[in-house]
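Data first, discussion second: the structure below is written as structure tokens.
Rule-based calculations on the coordinates, nothing more; no lab input. Being a predicted model, the structure only gives us computed values, none of them experimental. Cβ: placed from backbone, ideal geometry, glycine included. Neighbour counts: every protein chain shown.
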Amino acid sequence: MTNQELIQLFAEALECEASSIDPQQPIAAYGEWNSLAWLTIISLLDERYEIQLTGKEIRGFVTVNDVIESVTAKASVA
Amino acid sequence: MCARIAALSYYLPERLVSNGDLQAENPTWDMERVGQKTGIESRRVAAADQTATDLAFAAAERLFSNSSVRRDEIDYLLFCTQSPDHALPASSCILQNRLLLSVNCGAIDFNQGCSGYIYGLQLANALISSRSARNVLLLTGETYSKYIHPQDRSVRVLFGDAATATVISEDRPGALVVATEVGTDGAGCNNLIVPIGGARRPYAGESLREVCDENGSIRTEANLFMDGQELFAFTLKRVPALVNRLLEKTGLTAEQVDTFVFHQANAFMNEHLRTKMHLPKEKVPLSLQDVGNTVSNTIPLTLSRIAPQLTPGSKVMLVGFGVGYSWGACQLEWGEVEVSND
């Protein structure tokens, strides 16, 4: 799983272009990154990589990079 | 001794709240998107003076009117609700009286939500197998609407009120209860909860303060709170394992099960569960478009609606999961069930 694949996955959930997602940006900067988008992200991560994110982890994420790092770390353990 | 589901009915309160109604009331909610994701277009909501026992009473009366089961045959009443009429007495005692059931009839409430119907079938099966009862009336009735803050999008769009009635019998024809499997993880108790109003945290002025969360939803601590992401994660972790445990117990394969009736949480979650378990669409009915997530009612309500398409001998698995956390599954072998639909 590459960072680019993850950004593509976020873009699918947010229904936007991957190029419009900047990993350095806070998640809060994306208006459409709401609770419904998170559900899609949880489901896509589970479906494609069998990786599960908990609500507690999600609440701790500030930037897009935080999500990428957490998911990448989980993938390396799995 | 075999326990069979002999009769089934359900009742929905009259008041219908559509996505359009919610949109008009809350202009900032994106109800079109909510409708697409959840699969819910409208839900029924109990009237201000209508409680879960009123709904359950109506479901039971419908069952007695439309089936051959007589009320004097009922010797045990199980009532599943999380919105009882009073802290005490048990709502089932109130229902025994209203339904004119025998005074020799046992009556208990049990507090479960989305897994409640499975628990009810398991208890009814145990009562019949142990010769403690011959005809059990299992009622589910829920009015989450009374706990929901009108400006809390996270739960208001999802939940609907409803009640169902099921008779489980030792000597009538019906759908055989083959096996059940349940599980619990109270570590998730805070993720779907009405925090105050019980003995642990009685009502007090400060706790009724309205708070706006990061998604713009407003609620007090006397309202229903749901952490949808945690619930979703829980479901993905527990439900496939639950289904596998029951398959192991019955010796069936997933391919041999003809129909899976899952708790109708929301279309998005149910669809994801279905694809994760590689189940074909036609084996997994959805019935929440016009009623929403009706908690302990979703499984018997869906079962009532699909009953005309089920053939005797077909293998139906019921799967409930949610508040607690609590989960359970039941394998049925379908038979002649007297179903009274809306």
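Taking the Cα centre of region B:208-280 as the origin, how large is its charge dipole in debye, to the nearest 20, when only Lys and Arg (+1) and Asp and Glu (-1) carry charge on their Cβ atoms?
280
For Cα pairs less than 8 Å apart in space and 6+ apart in sequence, what is the mean separation divided by the residue count of chain B, i.e. the relative contact order in percent? Could the numbers behind the result be given before it?
On the way: 790 pairs, mean separation 93.4, N = 342.
Relative contact order, chain B: 27 percent.
Quick check on the protein assembly as shown: of the DSSP beta bridges with both residues there, what percent are antiparallel, nearest 5%? Don't skip to the end; give the middle numbers.
Details: 41 of 59 bridges.
If I count the DSSP bridges inside the protein assembly as shown, around 70 percent turn out antiparallel.
Taking the Cα centre of chain B as origin, work out the dipole magnitude from +1 charges on Lys and Arg Cβ and -1 charges on Asp and Glu Cβ, in debye rounded to 20.
Values: 30 positive and 38 negative charges, 114 e Å.
The calculation lands at about 540 debye.
Using a simple charge model, +1 on the beta-carbon of Lys and Arg, -1 on the beta-carbon of Asp and Glu, nothing else, what dipole does the protein assembly as shown show about its Cα centre, in debye to the nearest 20? Don't skip to the end; give the middle numbers.
Details: 34 positive and 50 negative charges, 223 e Å.
With only Lys, Arg, Asp and Glu charged at Cβ, the dipole is about 1080 debye.
Name the long-range amide H neighbours of B:Cys80: under 5 Å, sequence gap of 5 or more, or other chain; modelled H, no Pro or chain starts.
B:Phe110, B:Leu139, B:Thr140, B:Gly141
If you find the alpha carbon centre of region B:236-297 and of region B:24-103, how far apart are they in angstrom?
23
Any idea what angle helix B:52-66 forms with the longest principal axis of chain B, computed on alpha-carbon atoms, 0 to 90 degrees, nearest 10?
Helix B:52-66 and the main axis of chain B meet at about 30 degrees.
Which order do the peptides B:8-14, B:44-50, B:133-139 take when ranked by the mean count of other beta-carbon atoms within 10 Å per residue, highest first? Working shown, then result.
On the way: B:8-14: 22.9, B:44-50: 16.3, B:133-139: 26.0.
Packing order, densest peptide first, comes out as B:133-139, B:8-14, B:44-50.
Only bridges whose two residues both fall in chain B count here: according to DSSP, what percent of them are antiparallel, nearest 5? All intermediate terms of the calculation are to be shown ahead of the outcome.
Values: 40 of 58 bridges.
Taking every DSSP beta bridge within chain B, about 70 percent pair in antiparallel fashion.
Note the angle between two axes, namely the Cα long axis of helix A:64-77 and the longest principal axis of the Cα atoms of chain A, as a number of degrees from 0 to 90, rounded to the nearest 10.
Approximately 10 degrees, to the nearest ten.
Scan around B:Glu221 for amide H atoms under 5 Å from its own, H built in the peptide plane at 1.01 Å from N, and keep only partners 5 or more places away or cross-chain.
For B:Glu221, whose amide H was placed from the backbone, the distant partners under 5 Å are B:Arg209.
Just to confirm the number: angle between the C-alpha axis of helix B:116-129 and the first principal axis of chain B, 0 to 90 degrees, nearest 10?
Taking the Cα atoms of chain B, the angle to B:116-129 is about 20 degrees.
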